[in-house]
Amino acid sequence: MMHRSAFPLAMLLSAVLPVTAVADVILSDGDFNNMSPTPIFTEVSGVVVTFQAPCANCGNPTGLGLQIQADYTNATSGIGLNVLSAIGFADNLLQYNPSTQGAINSLGVSVDSNNIVTGGPNLPANNLFNPLIVQDGNDYILRPGISGPVFTVPGTSGYVTLAQSGLTAADFELFDFATGTNVNAHPNFAGDPITFGVGQFVSTSKGVVATFDYDNLQFNVSVPGPIAGAGLPGLILASGGLLGWWRRRQKIA
């Protein structure tokens with residue numbers, strides 16, 4: 001037989017609505033053994049673009065990493081500074097499905113990046129990172145990207161951490177790697193599955209070899225999530241009211 005005070009409390013527990021707030025789903029990769037290259041765009045013929053995933057000695061400070069290299073030694077043109085190459089790599093380990101896991105409120109991204117440049121004029125350069133989103137067969141790039149400390153080329157930036165938070169779908173533009181053109185379109189953060197990855201734009205001159213090492217790639221996906229115990233004060237107040245109602249009902253009966 002159920003105790004008189006137990007019934008309304010049981011009713012209340014079954015009717016309590018969940019309380020939500022923003023939570024993070026963390027996707028990270030430090031081994032880079034499941035990368036899929038998208039088409040590579042080059043404005044200048046004679047440019048050789050290669051990558052190693054994983055690269056055995058490219059980690060920070062040691063171990064596995066991702067290495068992208070663009071060699072302009074035999075480029076047939078390229079006088080002055082030009083956007084010569086755009087490269088994209090989707091990481092099949094870093095996947096998220098907004099339609100089943102929850103719409104994305106915002107993104108945070110971080111990576112350890114090291115740029116090594118040989119040849120070319122003695123000029124300042126940026127260590128630049130362009131996160132990539134692949135959705136429904138389309139490539140979306142963060143433009144202008146996440147910029148690190150300036151260093152002098154020829155030379156190396158050394159490993160630095162490049163990070164940015166609070167990114168929304170509007171921060172990523174559709175990019176056509178076949179033609180090197182941008183389109184004013186954005187990913188759907190409440191839509192179909194997303195694969196994250198690395199984009200790399202190279203702006204340099206003829207005769208340069210640019211090497212980009214990456215490690216500890218991480219995307220923080222902020223989505224609505226439950227807060228444990230958040231509804232407790234309301235639960236206490238409501239249970240007291242229901243208990244009083246139940247006792248009054250029993251007296252009338």
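No lab work stands behind these numbers, since they all come straight from the coordinates. The structure presented is a predicted model; accordingly, all values stated were derived computationally and were not measured. Cβ coordinates were reconstructed from backbone atoms using ideal geometry, including for glycine residues, and neighbour counts include every protein chain displayed.
Of note:
- Normalised alpha carbon radius of gyration of segment 21-226 [divisor 2.2 N^0.38 Å]: 1.01
- Spin-label model, residue 179 to residue 150: label points 7 Å out along the Cα-to-beta-carbon direction sit 3.5 nm apart.
- A Förster distance of 22 Å, applied to the separation of the beta-carbon atoms of residue 192 and residue 161, puts the FRET efficiency at 0.10.
- Fewest neighbouring Cβ atoms within 10 Å first, the residues 212, 51 line up as 51, 212.
- Were the residues from residue 136 through residue 216 laid out at 0.36 nm apart, the gain over their Cα-Cα distance would be 26.2 nm.
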